[in-house]
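J.: Here it is: the structure, laid out below.
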Amino acid sequence: MTDLLKNRRLRDNVLQLVFVGGIALMLATFAVTGKTNLDAQGLTSGFGFLEKTTGWRIGFSLIEYDTSSPYWLAIVVGLLNSLLLGAICLPMATLIGVTVGVMRTSGNGMAELVGTLYVEAFRNVPLILQLLFWYALLLSLPNPRDAEPILGGIVMSGRGFYFPALNVLGSSVVVSLFVVLGGASLALWLQAVRWRDADPASARRERRVLGGLMVALVVLAMWLGRLPETGLVSLPELRGLNYQGGVRVAPELMACIIAISVYGASYIAEIMRAGFNAIPKGQGEAGHALGLTRWQILSRIRLPLAIRIVMPTMINQYVWLFKATTIGIAIGFADFFMVISTSIVQSGQTLELIGILMAGFLIINYSLAWVLNRVNDAIRLRGSQLRI
Amino acid sequence: MTDIVPPIARFREVLSKDLRRRYFATYTDTAVTLAFAALVLWVLWGLLDWAIADAVFSADGREACFQTEGACWSVVTNRWRIILFGLYPFEEQWRSAIACITMVIVIALSCLPWFWNARRLPLLWISGFASFYILMRGGLFGLTPISEREWGGLALTVFIFAAVSLIGMPLAIVFALLRRSSLPWISRIMALVIDTIRSLPLLTIMFTFALVLPFVLPGWAIGDTLYRVIIGYALFFACYQAEIIRGGMQALPAGQEEAAKALGLGYWHRVGHIILPQAFRNALPPTINQFVITFKETSLVTIIGFFDVMASGRAASGTAEWSFAVIEVYVFLALIFFTFTFSLSRYGAHLERRLSVGRR
């Protein structure tokens, strides 16, 4: 018996069997109990309910949706809202974060102080509290009637922000979005298989051709989708009690955008600072010795190096930031999570909906991480380019 | 003796040189400095004006608040008990206060390196947590029993944070060890579990544990919603912390484990005496960062419907009487969180500097 216990392979196999068996047993218990409970409540499991009409409204939707729409459409609306939030917040957070990161490593005492104040103020307060704060602040803005347009037609009111917009169909905006995304993926792919080893001049020429093609396609899509008998740009105009024209951004969406961008930026700023500090001092000094200006040193030497250093950390940060968009439920922004939880309450199809929720987040986050990892592979420094 | 420069003049010289280098090196620098200084002064001025100069502090100042543009701190002076203690019975709120202070002391003590070993730290936390629980729950030493449903405010936030840390940390160590196990099935399944949970938002995990789990758990295992949410949060914490610990382990030179093996140490000796202590040392700054994030995100339970400090703060300004002063309550809550997380993150930064000095 003791010999058996001392046989390492046997012991390892038994351990693994126990581990896998334990997890399988747990999952089986879940499945069996779930099935019993479903039967007891008289609910039918399966995804048939997705075709039923929802009967409830969604506050904010990018596509056509009303109370007679089926569940799957509601879920798509929520998903699109989440993606929209992510697509706005991630670049905004990056922009603010990189700026603050540059400020904190600029060598100017005052800029460093402002950057530090920013990071400490926004990083040490929970996101949900910041969100509620911004929401309360936005709601306390004046009525549309009393709000004055600023900066070429932007109106800030308690019922939302109004921005000037192009007079085009929504579908051509979606097409343009896909053109840009497709072009960016094509560029990444070409970078990996073709441009990396190609002659720099011809690579540059091909990049320009690709860029020009993308711009032409976007302009074409906008032109085809223009609304007849209207001007090119629609400005928000006060009619009666409210503004007409332009694009209205609801306070819920605006609060989410501000809170998540500002909060995310404070983390990205710290990552960027660490990246700047990791660059060997000699790199900047060499630029200085060559007579480059401070702006040139920053834009040509320090920033490109820092971006490559922080890229792996940044990928995690982006995934984390996208997960943070679920916070919208706190103020009633109809994101993916909120639509799913409302559906659970309304339809009772708990397990299926939670499955959809988890699958949605896994797919989005894994693809986000996959794309960013490809970006990282494409721009990563090779060999002895960076000597630390 | 006469050629010694008086210290004050020398100081002045250094100061002016340093000032010029840091703030007024070039024309651009001067412009940037002045612009940012103006910005800081403007924000600071407005903030002080709002928060102190024009503010109303007295407890019965509701009417006075309408006369001024400034902050209405009356809502805090009037309703601070609701914010801090929630629905906890009024006469017993001293217990809640002492319990919170106990936990803060425990957290402060665990920052002392003297406690950093496998015996003292768990002992400190378990005894601290037990006294917190006994004080809050009552039923012993003549204290009236008060069920978890009546807990609220800051005490509930602290309770959730402490419970998550206490359950999550051992779990994280186990997860990290399982993930780097040499047995392929165990390490692969563990990697899958950790990566999956890490790519889900905390809110969905809490939601699942609060609302979905009762559906698939056998009756005896359902328990109270509060404890299910805590376990879900602890699981989430453990997955993140496990990766941090694993990072600390990977930073160890391979020779450490090989030497231990060569000396004939068994697995538990290797892990307990060689690997984990050094891995924790490597992973200390990100670990503290993780605790800071965990404390902040405790506030998410308010969405699931618990009466934590966020919810009680909103309740304090939720009545018609004080609904106009919601911003003031948010600022007060922000200050509470800021005090906790700022001191903890400063401590983390200090630790990071200290550790990096030792390594150089």
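J.: For the pair A:Asp377 and B:Ser356, how long in nm is the line joining their label points, each one 7 Å along Cα→Cβ?
T.: Those two pseudo-labels are separated by 3.2 nm.
J.: Scaled to the compact-protein estimate 2.2 N^0.38 Å, what is the alpha-carbon radius of gyration of region B:195-315, rounded to two decimal places?
T.: Compared with the compact-globule rule of thumb, region B:195-315 sits at 1.39.
J.: Give the peptides A:62-74, B:105-117, B:64-76 in descending order of average Cβ contacts within 10 Å, highest first.
T.: B:64-76, A:62-74, B:105-117
J.: Step by step: find N for chain B, compute 2.2 N^0.38 Å, then divide the Cα radius of gyration by it. What's the final number?
T.: Dividing the Cα Rg of chain B by 2.2 N^0.38 Å gives 1.25.
J.: Based on the mean of other Cβ atoms within 10 Å per residue, sort peptides A:298-310, A:114-126, B:34-46 so the most packed one is first.
T.: The densest-packed peptide leads the list: A:114-126, A:298-310, B:34-46.
J.: Taking neighbour counts of Cβ atoms within 10 Å as a proxy for exposure, in what order, fewest first, do A:Trp195, A:Trp223 appear?
T.: With the fewest neighbours first, A:Trp195, A:Trp223 line up as A:Trp223, A:Trp195.
J.: Relative contact order (percent) for chain A, with alpha-carbon contacts under 8 angstrom and 6 or more residues of separation?
T.: Taking the mean separation of contacting Cα pairs over the length of chain A, I get 23 percent.
J.: Could you let me know the centre-to-centre spacing of region A:176-213 and region B:264-335, using Cα atoms, in angstrom?
T.: One Cα centre to the other: 45 Å.
J.: How big is the charge dipole of region B:7-53 about its Cα centre, in debye rounded to the nearest 20, if each Lys and Arg gets +1 on its Cβ and each Asp and Glu gets -1 on its Cβ?
T.: 320 debye
J.: What does the structure give for A:261-272 when I average, per residue, the other chain Cβ atoms found within 10 Å of the residue Cβ?
T.: 0
J.: What ranking, highest mean first, results for peptides B:157-167, A:247-257, A:210-220, B:268-278 when packing means the other Cβ atoms within 10 Å averaged over each residue?
T.: The densest-packed peptide leads the list: B:157-167, A:247-257, B:268-278, A:210-220.
J.: Separation of region A:321-357 and region B:35-72 by C-alpha centroid, Å?
T.: Here the two parts' Cα centres lie 39 Å apart.
J.: What's the center-to-center distance, using Cα atoms, between region A:89-104 and region A:252-288 in Å?
T.: 5 Å
J.: For B:Asn117 and B:Tyr133 in the same chain, what is the full-extension length gain: residue separation times 0.36 nm, less their Cα-Cα distance, in nm?
T.: 3.4 nm
J.: Still on this structure, I have one more. Using a 4.7 Å Cβ cut-off, which Cys residues in the protein assembly as shown lack a partner cysteine?
T.: When partners are defined as cysteine Cβ atoms under 4.7 Å apart, the protein assembly as shown leaves A:Cys89, A:Cys256, B:Cys100, B:Cys111, B:Cys239 without one.
J.: Considering only DSSP beta bridges with both partners in the protein assembly as shown, what is the antiparallel share in %, to the nearest 5?
T.: The antiparallel proportion sits near 90 percent.
J.: In debye to the nearest 20, how big a dipole does region B:44-165 give about its Cα centre with +1 on each Lys and Arg Cβ and -1 on each Asp and Glu Cβ?
T.: Computed charge dipole of region B:44-165: roughly 720 debye.
J.: May I ask which residue of B:Ala172, B:Thr26, B:Val56 lies farthest towards the positive end of the charge dipole of chain B, with charges of +1 (Lys, Arg) and -1 (Asp, Glu) on Cβ and the Cα centre as origin?
T.: B:Ala172
J.: With each run of n ≥ 4 DSSP H residues scored as -39500 (n - 2.57), what mean residue ellipticity at 222 nm is computed for chain A after dividing by its residue count and rounding to the nearest 500 deg cm²/dmol?
T.: -22000 deg cm²/dmol
J.: Same structure, new question: Relative contact order for chain B: what percent, with Cα pairs under 8 Å and sequence separation of 6 or more?
T.: 17 percent
J.: Across peptide B:208-216, what mean number of C-beta atoms from other chains lies inside 10 Å of a residue's C-beta?
T.: Partner-chain Cβ atoms within 10 Å, mean over residues of B:208-216: 5.
J.: Residue by residue through A:290-298, how many Cβ atoms from other chains fall within 10 Å of the Cβ on average?
T.: 1
J.: Right, another one. Given charges of +1 on the Cβ of Lys and Arg and -1 on the Cβ of Asp and Glu, with all other atoms neutral, how large is the dipole of the protein assembly as shown about its Cα centre, in debye to the nearest 20?
T.: 3000 debye
J.: List the lysines whose Cα sits under 25 Å from the Cα of B:Lys296, skipping any in the same chain fewer than 8 residues away.
T.: Once the sequence-local lysines are set aside, what remains near B:Lys296 is A:Lys323.
J.: Which of the listed residues, B:Val301, A:Ile128, B:Asn289, is farthest toward the dipole's positive end in the protein assembly as shown, when Lys, Arg count +1 and Asp, Glu count -1 at the beta-carbon?
T.: Positive-end residue among those listed: B:Asn289.
J.: To one decimal place, what Kirkwood hydrodynamic radius in Å is obtained for the protein assembly as shown from all pairs of distinct Cα atoms?
T.: Evaluated on the protein assembly as shown, it is 29.7 Å.
J.: I would also like to ask the following. Straight distance only, please: which lysines reach the Cα of B:Lys17 with their own Cα at less than 25 Å, same-chain residues fewer than 8 apart left out?
T.: Qualifying lysines at Cα under 25 Å: A:Lys281.
J.: Let me have the 222 nm mean residue ellipticity of chain B computed from DSSP H runs of 4+ only, each contributing -39500 (n - 2.57), with the sum over all residues rounded to the nearest 500.
T.: -22000 deg cm²/dmol
Every number here is computed from the coordinates shown, using simple stated rules; none is lab data. No experiment lies behind these values; they were computed from the predicted model shown. Please note: Cβ atoms are built from the backbone with ideal geometry, for glycine as well, and neighbour counts cover all protein chains shown.
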